[in-house]
1. So which cysteines in the chain don't have a second cysteine's C-beta under 4.7 Å from them?
2. Taking all protein chains as present, what is the carbon and sulfur share of the accessible area of the chain, in % to the nearest whole number, probe 1.4 Å?
3. For the pair SER120 and GLU52, how long in nm is the line joining their label points, each one 7 Å along Cα→Cβ?
4. So for the stretch 1-73, Kirkwood radius off the Cα pairs, Stokes-Einstein at 10 °C and 1.306 mPa s: how many µm² s⁻¹?
5. For ASP182, what charge total do you get from the other residues with a beta carbon under 11 Å from its beta carbon, if Lys and Arg give +1 and Asp and Glu give -1?
6. How many percent of Cα pairs in the chain exceed 32 Å?
7. At 222 nm, what helix-only mean residue ellipticity would the chain give, in deg cm²/dmol to the nearest 500, using -39500 (n - 2.57) for each DSSP H run of four or more?
8. If you take the charge dipole of the chain about its Cα centre, with +1 on Lys and Arg Cβ and -1 on Asp and Glu Cβ, which of ALA126, LEU221, THR18 is farthest toward its positive end?
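The values are calculated or read from the model by the stated rules, or taken from the named source; none is laboratory data. As the structure is a computational prediction, the values presented were derived from the model and not from experiment. Note that each Cβ is placed from the backbone with ideal geometry, even for glycine, and that neighbours are counted across all protein chains shown. All accessible areas refer to the heavy atoms of the entire protein, side chains included, with ligands and DNA or RNA removed. Shrake-Rupley method; radii C 1.70, N 1.55, O 1.52, S 1.80 Å.
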Amino acid sequence: MSFKIITIDGPTGVGKSTIARQLATKLDCLYVDTGAMFRCLAWSWTTQGCPESDESLEKLGDQTRIVFENEKVICDYTDVTQEIRTERISAKASKISGFPLIREVMKKQQRALVEEVRRSESYRGAVLEGRDIGTVVFPAAEFKFYVDASPEIRAKRRLLQLQKSGEDVDYEEVLSALRKRDFQDQNRKVAPLKPANDAIIVDTGRLTADGVLENLLNYVLKKESTSLELN
Ligand code: DC
C-alpha cells in the first residue's frame with residue numbers, strides 16, 4: 001500500500017491534536033503537530049529575546065532544533081511540552097506565524113520530516129495537523145480534512161484545558177484571545193487559515209471526539225479500498 005499523507009487543518013481549540021494523534025495511531029502513521037513547531041519558535045524567540053524582524057526570525061527558525069519524542073516536545077534540548085501551551089506562547093506563536101520567511105522555514109522542515117519517514121519506511125504515512133497543511137505544505141495530499149467548531153464551543157474546551165494545567169483565566173478572556181488568534185490566522189497575507197478546495201469539512205461541535213475519529217477513519221479506509229479495487 002502506498003505511503004499516505006493526511007492533512008487536518010482548522011482553527012485553534014477545535015480538537016485537531018486529539019483527532020490527528022488518534023487517527024495516526026489507528027493507521028500506523030507518523031503524527032506531526034505543526035502548531036507545536038510554531039510554538040517552539042515562539043518559545044525560543046521569547047527566551048532568546050530576538051529582535052522582531054524577518055531576518056532574525058528566519059535565522060531563529062533555521063537554528064532551533066525541534067524534536068518530537070513520544071508525547072513530548074523537545075526544543076533546543078529542553079522539554080517544553082507544557083510551557084508552549086500557555087496563553088503567552090499561544091499569542092506569540094500566532095504573531096510569528098505571520099512572518100513569510102518563518103513560514104518558508106517551517107514548510108521546508110515539515111516536508112523534510114515526512115520525506116525522511118517515507119524513505120525509512122518506518123510508518124505507513126503521516127498525519128499532519130495545522131493551518132495550511134492541505135493548502136500550502138502538502139497541496140497534493142490524498143486525504144484532506146478541515147475541522148471546525150464555533151468560537152464559543154472552542155473557548156469552553158480551551159478554558160477547561162488551561163484550568164487543568166493551572167492557568168488562572170476566565171471564559172471571556174479565553175474567548176477574546178481565541179477570536180484574536182482566529183482573526184490573525186485567517187487574515188495573514190501568506191498561507192491564511194482556510195479550507196482547501198478539496199478538503200472534507202467536519203464540524204466537531206456536533207460530534208463527540210470518538211464520532212469525529214470514526215468519520216475520518218471510515219473515510220480514509222473507504223477511499224483506500226475503492227482505489228485498490230480500481231487498480
Ligand atoms: O495549532 P496551534 O494552536 O498549536 O498553533 C499555534 C499557532 O501556530 C497558531 O496561532 C497558528 C500557527 N500555525 C500556523 O500558522 N500554521 C500551522 N501549520 C500551524 C500553526
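1. CYS29, CYS50
2. Accessible surface attributable to carbon and sulfur in the chain totals 50 percent.
3. According to this spin-label approximation, the distance is 3.8 nm.
4. Values: Rh = 14.3 Å.
This corresponds to a translational diffusion coefficient of 111 µm²/s.
5. Overall, the nearby charge balance is +3.
6. 16 percent
7. Mean residue ellipticity at 222 nm (helix-derived): -17000 deg cm²/dmol.
8. So the residue we want is LEU221.
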